[in-house]
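Chemist: Handing you a structure now.
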Protein chains: 2
Amino acid sequence: MRIGELAERTGVPRRLLRYYEEQRLITPSRASNGYREYTGSHVDIVLQIKGLLDAGLPTRIIQQLLPCLDKSQTIYVPNVTPEMIATLQREQVRLSERIECLTRNRDAIADYLDTVLSVRSANTESMATSCEKV
Amino acid sequence: MRIGELAERTGVPRRLLRYYEEQRLITPSRASNGYREYTGSHVDIVLQIKGLLDAGLPTRIIQQLLPCLDKSQTIYVPNVTPEMIATLQREQVRLSERIECLTRNRDAIADYLDTVLSVRSANTESMATSCEKV
DNA sequence: CTTGACCTTCACATCAATGTGAGTGTTCAA
DNA sequence: TTGAACACTCACATTGATGTGAAGGTCAAG
């Protein structure tokens with residue numbers, strides 16, 4: 001498929017698909033007329049990239065992770081240097097930290113919403129809605 | 001305490017502490033000489049901000065979350081508009097999505113590392129370390 | 001064969017999060 | 001009382017992820 005279809009199927013603008021390519025995250029082949037040609041698995045990869053970017057990882061790291069995360073095929077171990085392993089382990093720790101932080105805050109929001117909503121439902125009558133202390 | 005001490009205690013550079021203030025994430029008081037004055041709880045808040053920023057949330061969102069996440073005091077419900085509640089619920093969903101994405105990828109990395117490390121330990125002898133298919 | 005909808009590259013703009021430095025005022029200790 | 005260490009504001013630079021538009025090539029349908 002061409003870039004327009006991939007953009008539509010992933011929700012990622014064309015501009016960014018070209019950017020990902022520039023960052024060496026994806027390497028579509030080219031048709032004889034110079035158009036980029038994407039395969040079906042590019043859809044999954046782009047969605048994964050999107051998720052990782054949205055999760056706060058920079059392209060530089062994603063570039064290193066991608067070869068390891070490609071679920072759809074057998075796992076390859078390309079150039080498995082000790083540095084690569086160390087990078088992955090560091091990134092694993094960072095991901096765990098992020099997850100912990102996000103979870104903590106999500107739960108705090110949940111608690112907050114619980115409190116607020118229960119208070120609001122308790123006061124069905126007219127009552128000032130600002131600065132209630134709980 | 002002044003900005004230097006806060007910077008040291010949080011690991012966040014002075015420049016960013018001023019930036020957080022500019023973004024209305026923290027509002028230190030001022031001494032008579034114009035110096036910013038921070039309290040002990042600012043340490044926690046700054047660490048929280050740091051975590052959220054690092055987790056990929058923009059200051060604009062953090063600004064809305066902070067009043068709800070301040071654990072150290074009784075929960076206030078400042079201007080609890082329906083829009084605010086909607087924002088929080090949206091953000092809660094987004095956090096869950098991020099958490100899910102990060103978890104998936106962290107686990108994938110873990111799997112990958114498990115595989116790689118077990119393969120490597122199996123081949124204690126001299127063996128090419130590049131492009132082994134598993 | 002032209003028109004419209006694609007595609008290409010190139011390049012400049014923007015936004016958020018940071019870095020960095022200039023120029024100046026304040027505090028504190030030797 | 002002077003110098004080091006810290007604070008202030010202002011302002012420009014940079015980096016990464018994006019937006020946007022210009023100038024032009026490709027192709028299918030009318």
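Chemist: Condition first: more than 11 Å from DNA strand C (Cβ to nearest atom), surrounded by 14 or more Cβ atoms within 10 Å (Cβ to Cβ) and not basic (Lys, Arg). Now tell me which residues in region B:4-20 satisfy that.
Modeler: B:Leu6, B:Thr10
Chemist: Could you say whether any residue in region A:36-52 is in contact with a strand residue (DSSP E or B) (Cβ under 9 Å, 6 or more places away or on another chain), within 14 Å of chain B (Cβ to nearest Cβ), outside any loop (DSSP other than H, G, I, E, B) and away from DNA strand C (no atom under 12 Å from the Cβ)?
Modeler: no
Chemist: Taking region A:53-63 as the region of interest, how many residues are more than 7 Å from DNA strand D (Cβ to nearest atom) and more than 11 Å from chain B (Cβ to nearest Cβ)?
Modeler: Of the residues in region A:53-63, 1 are more than 7 Å from DNA strand D (Cβ to nearest atom) and more than 11 Å from chain B (Cβ to nearest Cβ).
Chemist: Considering every residue within region B:90-113, establish whether at least one is facing chain A (nearest Cβ under 10 Å) and within 11 Å of DNA strand C (Cβ to nearest atom).
Modeler: no
Chemist: Could you look through region A:12-35, keep only residues that are more than 15 Å from A:Leu66 (Cβ to Cβ) and in contact with a strand residue (DSSP E or B) (Cβ under 7 Å, 6 or more places away or on another chain), and pick out the one that is nearest to the other protein chains (Cβ to nearest Cβ)?
Modeler: A:Ser29
Chemist: What number of residues within region A:53-71 satisfy the criterion of being part of a helix (DSSP H, G or I) and within 13 Å of DNA strand C (Cβ to nearest atom)?
Modeler: 0
Chemist: I would also like to ask the following. Within region A:23-39, is there a residue that is within 24 Å of B:Tyr112 (Cβ to Cβ), among the charged types (D, E, K, R) and either surrounded by 12 or more Cβ atoms within 10 Å (Cβ to Cβ) or within 12 Å of DNA strand D (Cβ to nearest atom) (or both)?
Modeler: Yes.
Coordinate-derived values only; no laboratory data. All of these numbers come straight from a predicted model, not from anything done at the bench. Here Cβ is always computed from backbone atoms with ideal geometry, including for glycine, and neighbour counts include all displayed protein chains.
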